[in-house]
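The values are calculated or read from the model by the stated rules, or taken from the named source; none is laboratory data. Quick caveat, the model's predicted, so the values are computed rather than measured. FYI the Cβ positions are ideal-geometry reconstructions off the backbone, even for glycines, and counts take in every protein chain you see.
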Amino acid sequence: MKSKYINIIKAMIIIILPALLLGACAAYDDAGKGRVYWLNYKVESDETLQKVADLYEQKTGVKVKIMTAASGTYDKMLNSEMDKAHPPTIIVLKNRENVDKWADCCVDLTDSPIARELDSDSYNVFDKDKRLVAIGYCYECFGIIANPSLIEKAGYNVDEIKNFESLKRVAEDIHEKSSELGFDAFTSCDLDDSSAWRFTGHMANLEYYYEARDAGGWDECPASIKGTYMDNYKNLYDLCINNSCVSPESLATGGHDAENEFMSEKAAFYVNGSWEYEALSKKVPDAVMLPYYCGVAGEENAGLNCGTENYWAVNSRAKEQDIKATLDFMYWCVTDETASRMLVDTFGVMPYKMAADSNNAFLSEAQDYAQDGCYVMDWDMSFQPNAEQYRAGLVSALDMYNSDQSEENWRNVCTAFVQGWEYNYREVNAK
């Protein structure tokens, strides 16, 4: 009798378990519609992307998951998520190193509907086999954001700032009179994960850009750099940390809010990029962006740092129906009037034919600089080898320098920049 019941239970398992599994798959796949999972790199865009995902689900019934990595953790999170049973279907490739690592996992987007919507070939990324493995989904710029009204209250005009000499004169005078004026020159320059990229990535770009320009431009990551323009990096970095509303010694642990400091008019200058425009314009509608003036000869003709480190790639390891659902979702993002408006407002601009027009004044300024004959500073920081480890080394050296601005500690910063580059290049290429 006992064996009879055991046989009945076994039979029930054989019948019911597949049905349960099929139900689970159907729930996951939503009746064959596929699913979309975007591992997002842009922290500041998370809220908008969640709304876009909800809108698409309402319209199509297709599940869209947006997972946003915290600042400085994207590569680690990508490695982890790609090993899971249901990996991201959209991944973001930030630089050449990412492309080399993940190209074999990327769908060839050649002649895909989303690629045909691009309005420029400048945002195409190819692998060594000439496959189109990633396409840009936004174009950005960064520099020194300034509040013209505060600068005027200090007795200057923002149009007077044309090079490092004039920037230094205005910033140091504001800092000296900060108690009287009620505001300082620069916002805080924290070196925690939420802020360090502004100085170890973006500001570091001025050294790379000018060095690359001397060499005729970089087409691939060089095995070493010279550090020719480290004095210029030091010029601007020192100006920022020593003429700020917070002391340099407090920057290592973070905890300050540079965005709020600028919006609440506690400081006249803020080192950041075009992605900040939507938030800043609500409080400082006349904010402008200045180039990275740092004392390089001829910098009166400098423009803004322009480019992107945000390239869409589709995971070829995903299920076929998920790849199709993902490509459909991406196409909708750049062609749907409502969706593209929402995305352009957070990204600044999207390089697609039917995408909404940009209202971002910082990007308009970047274009104005270029039209006036100023050179565009390319994003050569995208060549940083083993980027997260390399930047961690820069943070450590800068932390020491901030606490004691000695010549020896500055030499350590230069070592982290130059020898650190060569070391990390060997680390990556030895794998």
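Among the residues of region 48-59, those identified as surrounded by fewer than 20 Cβ atoms within 10 Å (Cβ to Cβ), over 17 Å from residue 33 (Cβ atoms) and either among the β-branched types (Val, Ile, Thr) or in contact (Cβ under 8 Å) with a residue 24 or more places away in the chain (or both) are 48, 51. Within region 369-380, is even one residue free of Cβ contacts under 8 Å to residues at least 40 places away in the same chain, out of contact with any Gly (no Cβ under 8 Å at 6 or more places or on another chain), over 25 Å from residue 291 (Cβ atoms) and not in a loop (DSSP other than H, G, I, E, B)? So far as region 369-380 goes, no, none of its residues is free of Cβ contacts under 8 Å to residues at least 40 places away in the same chain, out of contact with any Gly (no Cβ under 8 Å at 6 or more places or on another chain), over 25 Å from residue 291 (Cβ atoms) and not in a loop (DSSP other than H, G, I, E, B). Residues of region 64-76 that are modelled with pLDDT of 95 or more and either buried (at least 19 other Cβ atoms within 10 Å of the Cβ) or not charged (D, E, K, R) (or both): 64, 66, 67, 68.
Anything in region 60-99 that is free of Cβ contacts under 8 Å to residues at least 12 places away in the same chain and part of a helix (DSSP H, G or I)? List them, or say none. Show your work before the answer.
To start, the set of residues in region 60-99 that are free of Cβ contacts under 8 Å to residues at least 12 places away in the same chain comprises 79-80, 83-85.
Residues satisfying the conditions are 79, 80.
If you filter region 386-430 down to residues that are acidic (Asp, Glu) and in a helix (DSSP H, G or I), you find that the one that is farthest from residue 190 (Cα to Cα) is 427. Considering each residue of region 268-281 in turn, at least one proves to be part of a loop (DSSP other than H, G, I, E, B), surrounded by fewer than 20 Cβ atoms within 10 Å (Cβ to Cβ) and in the same structural domain as residue 205 (by TED's automatic domain parsing).
Can you find a residue that is outside any loop (DSSP other than H, G, I, E, B), of a type in the set (A, V, I, L, M) and modelled with pLDDT of 95 or more anywhere in region 174-182? Yes, some residue in region 174-182 is outside any loop (DSSP other than H, G, I, E, B), of a type in the set (A, V, I, L, M) and modelled with pLDDT of 95 or more.
For every residue, the table says whether it meets (1) assigned by TED's automatic domain parsing to the domain that holds residue 299; (2) in contact (Cβ under 8 Å) with a residue 24 or more places away in the chain.
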| site | (1), (2) |
| --- | --- |
| 106 | no, yes |
| 118 | no, yes |
| 157 | yes, no |
| 183 | yes, yes |
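Just to be sure before I move on: is residue 385 surrounded by 21 or more Cβ atoms within 10 Å (Cβ to Cβ), over 24 Å from residue 38 (Cα atoms) and modelled with pLDDT under 95 in the structure I sent?
Working: surrounded by 21 or more Cβ atoms within 10 Å (Cβ to Cβ): yes; over 24 Å from residue 38 (Cα atoms): yes; modelled with pLDDT under 95: yes.
Yes.
Taking first residues from region 186-209 that are under 10 Å from residue 233 (Cα atoms) and partners that are part of a loop (DSSP other than H, G, I, E, B) and at pLDDT below 95, the Cβ contacts under 7 Å between residues at least 6 apart in sequence or on separate chains come to 205/379.
Can you pull out every residue in region 248-264 that is assigned to a loop (DSSP other than H, G, I, E, B) and surrounded by fewer than 17 Cβ atoms within 10 Å (Cβ to Cβ)?
253, 254, 255, 257, 264
Among the conditions (1) modelled with pLDDT of 95 or more; (2) more than 25 Å from residue 169 (Cβ to Cβ); (3) out of contact with any helix residue (DSSP H, G or I) (no Cβ under 6 Å at 6 or more places or on another chain); (4) assigned to a loop (DSSP other than H, G, I, E, B), the only one that residue 211 does not satisfy is (4).
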